[in-house]
Amino acid sequence: MNIKVNSNDAVQDPEVDNESVENLSPEELNISLQEKLEKLESIIDSQNDKILRISAEMENVRKRSQEELIKTRKFAIDSFAEGMLSVKDSLEAALLQKNQTINSLTEGVSLTLKQLDSVFKSNKLQEISPAVGDKFDPTLHQAISSVKSDYPANSVIEILQKGYVISDRVLRPAMVVVASSND
């Protein structure tokens with residue numbers, strides 16, 4: 001019998017037992033084997049119990065992680081939505097004003113835009129607005145067309161629409177026109 005179990009609960013080395021086994025009567029040998037079998041079954045039961053406990057704990061960790069992920073996704077927009085409520089309130093208040101002049105409407109819209117910029121800033125939403133002459137960056141810009149220009153090839157020569165980055169992730173690339181090579 002060559003059974004070895006690597007555990008703190010392991011049975012004695014079977015090689016050592018072989019010498020003493022030769023001196024045993026068949027009945028004593030049967031009893032000895034029965035005891036070893038019971039010990040091995042006990043070790044197997046203990047190991048199976050540990051495996052079941054570890055498996056249950058892993059399942060619990062997986063479920064908790066999934067619930068946290070759902071909560072994070074669900075409430076991640078709370079701060080942004082809360083900030084946008086005040087912007088909406090300002091726009092609605094501006095539309096309800098009677099006897100408005102162009103100047104007061106322009107001033108109100110400007111204040112609302114500042115409010116919107118503040119909400120964007122507090123939520124790490126930043127503009128991508130390259131300057132004319134900046135090098136085209138395909139990770140931040142989307143080239144709509146290329147035209148011959150006095151600027152070096154692959155330079156931004158016109159911004160059609162600003163882009164936005166939220167926490168280092170491009171939400172929308174800036175749409176630009178780039179200079180083509182003069183070749």
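Annotations
- Working note: 222 nm ellipticity from helices only, DSSP H runs with n ≥ 4, each -39,500 (n - 2.57), summed and divided by the residues of the chain, gives -19000 deg cm²/dmol to the nearest 500.
- The residues of the chain present an accessible area of 79 Å² per residue when probed at 1.4 Å with all protein chains retained.
- Taking the 1.4 Å solvent-accessible surface of the chain as the whole, the part contributed by carbon and sulfur is 54%.
- Of every Cα-Cα pair in region 105-169, the percent that sits beyond 18 Å: 50
- Fraction of antiparallel bridges per DSSP, region 24-183 only, in percent to nearest 5: 65
- The alpha-carbon atoms of the chain, seen along their principal axes, cover 113, 58, 18 angstrom, with the largest extent given first.
- In summary, the lysines within cross-link reach of residue 36, defined as a Cα separation below 28 angstrom excluding same-chain residues under 8 places away, comprise 4, 50.
- Annotation: amide H of residue 133 within the under-5 Å range of 156, 157, sequence separation 5 or more or interchain, hydrogens built in the peptide plane.
- Flagged links, alpha-carbon separation over 23 Å, of 71/162; 71/124; 98/162; 114/135; 121/162: 71/162; 98/162; 114/135
- Full-extension gain in nm, residue 54 to residue 160, via 0.36 nm per residue minus C-alpha separation: 32.5 nm
The values are calculated or read from the model by the stated rules, or taken from the named source; none is laboratory data. What you are looking at is a predicted structure, and each value in this text was computed from that prediction instead of being measured. Heavy atoms of the whole protein, side chains included, go into the accessibility calculation; ligands, DNA and RNA do not. Shrake-Rupley method; radii C 1.70, N 1.55, O 1.52, S 1.80 Å.
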